[in-house]
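Notes for the one structure printed next.
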Amino acid sequence: MIRIVLGQNGALLRGALSALLDREPDLYVVAELARTHDVPDVVAQHRPDVAVLDAGLPGDDPVGRLCRTVDECALLVLLDPVSRAGLGRTLVRLAPRVGLVATEATPTEFVTGVRQLARGEAVLDPLLAVAALGAEVSPLTSREAQILRLVVDGAPAKEIAARLALNVGTVRNHLTRIVAKTGARTRIEAVRKAQEAGWI
């Protein structure tokens, strides 16, 4: 029996996917969730074989970061190949622990992806592979990405400077460049754009 945690945005779609999975004799949904910040605790509690996560799942922790930090089980991410190509490009590097299925996949392709991932096989939807190859490479340096991840955590410039042993002015300069590179108007918008593109 393959145990599954299902994180999907929207109760109706979440219920439909849960029913689809539970209909299979070897698949069992042990928990459903609607926010990203619940993922680590739910995975720790239920010890699933696979966590299925919608790339658009709302919450404080972006799905891309969860894929790098949650390592108790395999993760299958449902991605829109058009709007989330950058995230796909980032997550491809985490195969075979992280698999990618396009939102346009058929129910059979989705279920097959869950089984393959549970067996330790790589899962990469061809649509997502093509989209990931054409996705824009992150314009952020590793330091800028590190600083922006701390902004996500709510840290002000002074705290970021202390945590990274930098001058506050240096952090502010980095933040100015980050906003410009992402084409954003504010730090919050820069965070959103970077998360959607899979840069952080």
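So residue 106 ticks every box in (1) in contact (Cβ under 8 Å) with a residue 24 or more places away in the chain; (2) in the same structural domain as residue 17 (by TED's automatic domain parsing); (3) surrounded by fewer than 18 Cβ atoms within 10 Å (Cβ to Cβ) but one. Which box is left unticked?
Failing condition for residue 106: (1).
Among the residues of region 172-200 satisfying the criterion of being small (Gly, Ala, Ser) and in a helix (DSSP H, G or I), which is nearest to the chain's Cα centre (by Cα)? Spell out the reasoning first.
Here is the first cut: in region 172-200, the residues small (Gly, Ala, Ser) are 180, 183-184, 190, 194, 197-198.
Adding the requirement that they be in a helix (DSSP H, G or I) leaves 180, 190, 194, 197.
Values: 180: 24, 190: 17, 194: 12, 197: 10 Å.
This residue is 197.
Checking residue 46 against (1) out of contact with any Asp or Glu (no Cβ under 9 Å at 6 or more places or on another chain); (2) in contact (Cβ under 8 Å) with a residue 40 or more places away in the chain; (3) within 28 Å of residue 154 (Cα to Cα): exactly one of these is not met. Which one?
For residue 46, the exception is condition (3).
Checking residue 55 against (1) farther than 21 Å from residue 124 by Cβ; (2) touching a Lys or Arg at 6+ places or on another chain (Cβ under 6 Å); (3) buried (at least 16 other Cβ atoms within 10 Å of the Cβ), which test does it fail?
Only one criterion is unmet by residue 55, namely (1).
Tell me which residues, restricted to region 5-49, are surrounded by 19 or more Cβ atoms within 10 Å (Cβ to Cβ) and under 17 Å from residue 102 (Cα atoms).
Once the filter is applied, which keeps residues that are surrounded by 19 or more Cβ atoms within 10 Å (Cβ to Cβ) and under 17 Å from residue 102 (Cα atoms), region 5-49 yields 6, 7, 8, 14, 17, 21.
When you check residue 57 against the structure, is it under 21 Å from residue 10 (Cα atoms) and part of a loop (DSSP other than H, G, I, E, B), yes or no? Outline the logic, then answer.
Numbers: under 21 Å from residue 10 (Cα atoms): yes; part of a loop (DSSP other than H, G, I, E, B): yes.
Yes, satisfied.
Of the residues 80, 71, only one is touching a strand residue (DSSP E or B) at 6+ places or on another chain (Cβ under 9 Å) and either under 22 Å from residue 125 (Cα atoms) or of a type in the set (A, V, I, L, M) (or both); which?
On the way: 71 fails: touching a strand residue (DSSP E or B) at 6+ places or on another chain (Cβ under 9 Å).
Answer to the selection: 80.
When the residues of region 162-171 are filtered to those that are assigned to a helix (DSSP H, G or I) and aliphatic (A, V, I, L, M), which remaining residue is surrounded by the fewest Cβ atoms within 10 Å (Cβ to Cβ)?
Step one: of region 162-171, the residues assigned to a helix (DSSP H, G or I) are 162-164, 168-171.
Those still in the list that are aliphatic (A, V, I, L, M) too: 162, 164, 168, 171.
Numbers: 162: 12, 164: 16, 168: 14, 171: 24.
Checked region 162-171; the qualifying residue surrounded by the fewest Cβ atoms within 10 Å (Cβ to Cβ) is 162.
The values are calculated or read from the model by the stated rules, or taken from the named source; none is laboratory data. As the structure is a computational prediction, the values presented were derived from the model and not from experiment. Here Cβ is always computed from backbone atoms with ideal geometry, including for glycine, and neighbour counts include all displayed protein chains.
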